1. If the cut-off is a Cα-Cα distance under 17 Å, which lysines reach A:Lys51, setting aside same-chain residues fewer than 8 apart in sequence?
2. Given the rotation that superposes chain A on chain B, what residue of A brings its beta carbon nearest the axis, and what is the distance in Å?
3. Which whole-percent values make up P(r) of region A:3-114 when all C-alpha to C-alpha distances are grouped in 10 Å steps starting at zero?
4. Suppose you put the label 7 Å out from Cα in the Cβ direction; list, shortest first and in nm with one decimal, how far B:Glu5 is from each other copy's label.
5. If you roll a 1.4 angstrom probe over the protein chains with everything in place, what fraction of the accessible area of the protein assembly as shown belongs to carbon and sulfur, to the nearest %?
6. Compute the convex hull volume of the Cα atoms of region A:48-115, divide it by the residue count, and report the result per residue in Å³ as a whole number.
7. Per residue of B:64-77, how many C-beta atoms from partner chains lie within 10 Å of its own C-beta, taken as a mean?
8. Looking at the protein assembly as shown from every direction and averaging, what is the projected area of its Cα convex hull in nm²?
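The values are calculated or read from the model by the stated rules, or taken from the named source; none is laboratory data. Fair warning: this is a prediction, and the values are worked out from it, not measured in the lab. Cβ coordinates were reconstructed from backbone atoms using ideal geometry, including for glycine residues, and neighbour counts include every protein chain displayed. Side chains are part of the model used for accessible areas, which takes the heavy atoms of the whole protein and leaves out ligands, DNA and RNA. Shrake-Rupley method; radii C 1.70, N 1.55, O 1.52, S 1.80 Å.
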There are 2 protein chains.
Amino acid sequence: MTTREVAEAFTAALREGHGEETRFWSDDVVSLEAMEGPMARIEGRAAVEAKSAWWMANHEVHSFTVEGPFVHGNQFGLRFGLDFTRKEDGARMTMAEIGLYTVADGAIIEERFFY
Amino acid sequence: MTTREVAEAFTAALREGHGEETRFWSDDVVSLEAMEGPMARIEGRAAVEAKSAWWMANHEVHSFTVEGPFVHGNQFGLRFGLDFTRKEDGARMTMAEIGLYTVADGAIIEERFFY
């Protein structure tokens, strides 16, 4: 699959919302957040899936929009719009962020989030 | 300047629309487009300024929006919304794209466009 094909299929799966997008992650995918702490760098498909599951369990999502993909070479970007409540303290937040994905051999080997 | 400081100042200058953003480019900035041809890779501040001037001279811009910056480490992203007419053939186009900027020593050393 080309980068654009991976990008289109991954984005479609994200929009469907059934978690099928995880099949595009390489077994040794790396997930990078722009913050300090234990979530800053997560390695491996199982750990990244656990990170996603933790986030979904601890936040109530009111809306989630995905714009893209925007492709360049072996990378693509997505623009996310989020409206959610943090269950821990009930704080409701709206935010936008960009996810930058790097593809090799038809799989996502890195995801990097910007905000 | 930190990456976020460069990102905020560059973005503010872009929004002002007077071309002041070019002062944040390194002398040896590289500009990368996701296409084949002479615009695919432009090196050096003067050449990147000439590229921008060419684009502005050959397109009539009806609207230009900038969302961001979205920061991660030494990089930041911007989301552009464009509505323009290509003077060559009169074709009017609306498009969104992402610009990914890499910062070193307080200056932008690379810009990479995704669409």
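1. Within the straight-line cut-off, A:Lys51 pairs with A:Lys87.
2. Per the A/B rotation axis, the closest residue of A reads A:Arg79, 3.
3. Pair shares across the bins are 14, 46, 34, 5, 0.
4. 4.7
5. Carbon and sulfur: 51 percent of the exposed surface of the protein assembly as shown.
6. Spread over its residues, the Cα hull of region A:48-115 gives 88 Å³ apiece.
7. Values: counts 0, 0, 0, 3, 6, 3, 12, 4, 11, 4, 0, 4, 3, 10.
Across the residues of B:64-77, the mean count of other-chain Cβ atoms within 10 Å is 4.
8. Averaged projected area of the protein assembly as shown's Cα convex hull equals 13.8 nm².
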